[in-house]
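Novice: Okay, here's the structure, questions in a sec.
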Amino acid sequence: MSPNTANLSLVKERELHADGDSLQSAKTRIWSELSRSHMNLAILLKDEGQLQPALILAHMAAKTKLKEIALHLRLDFPPDRMTYEDLIDRAREIALIDLETELFLNTLSYIAEPENMSLIKDMHAEHVEMILERVRALLEEMSWKAAPSMKESK
């Protein structure tokens, strides 16, 4: 192999790696925007008295944020194919969440299931507002805690 061919191969390899990083960053931004959109819509629905859809969207926002972080960390398994429980386990393993937060996320998932919607009927709007605020704060906290890991994974 001539030196020119070797250099050309290195350049192509770097371009492919850069394209992969660009694609990875684009996917991560999409997950981030989707999480933010879910949360914004959840708050709007809560303000309109639509408590059940608001909690479902809050759950979707949390799940999407966990997928975003998993994508950033370049896990072996694609985050869009991971179960919610697996995403929570991975977040717990890398110390993004504590046991209390894990329990909260699992409770949110349980409440947001269609067969458990009757639980929401007895909830007051203030309680739903507290849950949504906790989810919003959690999304922000996970982004902040994951930031150093996200930079290292690039």
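Computed from the coordinates by the stated procedures, all read-outs in this text should not be read as laboratory data. These figures come from a predicted structure and were not determined experimentally. Cβ: placed from backbone, ideal geometry, glycine included. Neighbour counts: every protein chain shown.
Novice: Can you sort 110, 84 so the residue with the fewest Cβ neighbours within 10 Å comes first?
Specialist: Details: 110 12, 84 17.
Exposure proxy ranking, most exposed first: 110, 84.
Novice: Local charge sum around residue 54 (other residues, Cβ-Cβ under 10 Å, Lys/Arg +1, Asp/Glu -1)? Walk me through the intermediate numbers first.
Specialist: Values: positive: 46; negative: 47, 48, 129.
Here the charged neighbours net out to -2.
Novice: Taking neighbour Cβ counts within 10 Å as the exposure measure, how do 48, 129 sort from fewest upward?
Specialist: On the way: 48 10, 129 16.
Exposure proxy ranking, most exposed first: 48, 129.
Novice: Moving to a separate point now. Could you list 31, 144 in order of exposure, starting from the residue whose Cβ has the fewest other Cβ atoms within 10 Å?
Specialist: Numbers: 31 21, 144 10.
So the ranking, lowest neighbour count to highest, is 144, 31.
Novice: State, to one decimal in nm, how far the label point of residue 40 lies from the label point of residue 94, with both points 7 Å from Cα in the Cβ direction.
Specialist: So the label points at residue 40 and residue 94 sit 2.6 nm apart.
Novice: Could you give the length gained on full extension between residue 129 and residue 141, defined as 0.36 nm per residue of separation minus the Cα-Cα distance, in nm?
Specialist: Details: separation 12, 0.36 × 12 = 4.32 nm, distance 1.81 nm.
The span from residue 129 to residue 141 would gain 2.5 nm if fully extended.
Novice: Next question, about the same structure. Over the Cα atoms of the range 38-137, each weighted equally, I'd like the Debye log10 I(q)/I(0) at q = 0.16, 0.24, 0.25 Å⁻¹, rounded to two decimals.
Specialist: Ignoring solvent entirely, the Cα scatterers give -0.67, -1.26, -1.32.
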